[in-house]
Amino acid sequence: MNPGMIYIYAGKIEEWTEKWKEEKHRESICGRLLLIRGLQDLGWGEFFGSLKDPQSLLDVLESRIKKETWGKPYLVCSPQVYFNISHSGGYGVCAISSQPCGVDIQEIRPVKSRRMISRTMNQEEQKQILKAEDSIREFIKLWTYKESCIKLSGEGLQRELKELPAPGCHRFFWLKEDLAGCVASTDSFNLEIRQPEPRKIS
């Protein structure tokens, strides 16, 4: 894994979880499978030995994941590997890095009420949304920024969304036209997005 890099592994939930059609939490399974694929690609395949069956790989991964005080997951055996998972709009993503990171993706869809904007955005951000050519897209983009910051800190919704401290660095990205994303980290980074085929997981 290259220092200063954050890798985003992305895939369609339906394609990555075809084996788990009857499961309720396919989004979480997709995120875990993307994490496994990323670990294999980036030099941490020894976690899984010679296992190839996806369910066995998931079982091993689960045995190595613990949660911090506010619920942020980490690899108990390799604290130098950081990851974060998000899903929306039929896609799952997993950010993997050698530095702390938080990732969020959100499908572009109408905002239910203007109160949502005033409750979550500070005055400057509200002006930015109003001035934007597409205010809904701008709101969703800023929402992914806030979520990625929260997930970076691991504090969940304990933080006031209007007054989040800025991360060391963040980058916006689009998986497709109606699917916005943001990655945040404590330090500057380069971003690489990978969308591997699910059949190549092992």
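Points worth noting:
- Qualifying position, being assigned to a strand (DSSP E or B), over 20 Å from residue 35 (Cβ atoms) and either modelled with pLDDT under 90 or under 19 Å from the mean Cα position of the chain (by Cα) (or both), among 180, 184, 166: 180
- Selection count, the stretch 65-85, where residues are within 15 Å of residue 185 (Cα to Cα), open to solvent by less than 30 Å² (accessible area, probe 1.4 Å) and either touching a Lys or Arg at 6+ places or on another chain (Cβ under 8 Å) or not in a strand (DSSP E or B) (or both): 3
- Residue check for residue 141: part of a helix (DSSP H, G or I) and either touching a Phe, Trp or Tyr at 6+ places or on another chain (Cβ under 9 Å) or closer than 25 Å to residue 40 by Cβ (or both): yes
- When residue 170 is tested against (1) closer than 30 Å to residue 69 by Cα; (2) open to solvent by less than 70 Å² (accessible area, probe 1.4 Å); (3) touching a helix residue (DSSP H, G or I) at 6+ places or on another chain (Cβ under 9 Å), just one condition goes unmet, and that condition is (2).
- Residue match in the stretch 52-65 (condition: among the polar types (S, T, N, Q), within 28 Å of residue 174 (Cα to Cα) and free of Cβ contacts under 8 Å to residues at least 24 places away in the same chain): no
- Considered as a group, the residues in the stretch 123-136 that are acidic (Asp, Glu) and under 18 Å from residue 163 (Cα atoms) include one that is most open to solvent (accessible area, probe 1.4 Å), and that residue is 124.
- Within the stretch 86-111, considering residues that are under 19 Å from residue 17 (Cα atoms), under 8 Å from the mean Cα position of the chain (by Cα) and not hydrophobic (A, V, I, L, M, F, W, C), the one surrounded by the most Cβ atoms within 10 Å (Cβ to Cβ): 92
- Number of the condition not met by residue 120 [criteria: (1) open to solvent by less than 70 Å² (accessible area, probe 1.4 Å); (2) under 30 Å from residue 60 (Cα atoms)]: (2)
- The number of residues in the stretch 42-55 being open to solvent by 40 Å² or more (accessible area, probe 1.4 Å) and either assigned to a helix (DSSP H, G or I) or closer than 18 Å to residue 28 by Cβ (or both) comes to 2.
- Residues being part of a loop (DSSP other than H, G, I, E, B), of a type in the set (D, E, K, R) and under 24 Å from residue 179 (Cβ atoms) - total across the stretch 5-41: 3
- Residue under evaluation residue 43, criteria (1) under 18 Å from the mean Cα position of the chain (by Cα); (2) on the phi > 0 side of the Ramachandran plot, criterion not met: (1)
The values are calculated or read from the model by the stated rules, or taken from the named source; none is laboratory data. Because the structure is a prediction, the values reported are computed rather than measured. We place every Cβ from the backbone using ideal geometry, glycine too, and count neighbours over all the protein chains shown. Only protein heavy atoms, including side chains, enter the accessible area calculation; ligands, DNA and RNA are left aside. Shrake-Rupley method; radii C 1.70, N 1.55, O 1.52, S 1.80 Å.
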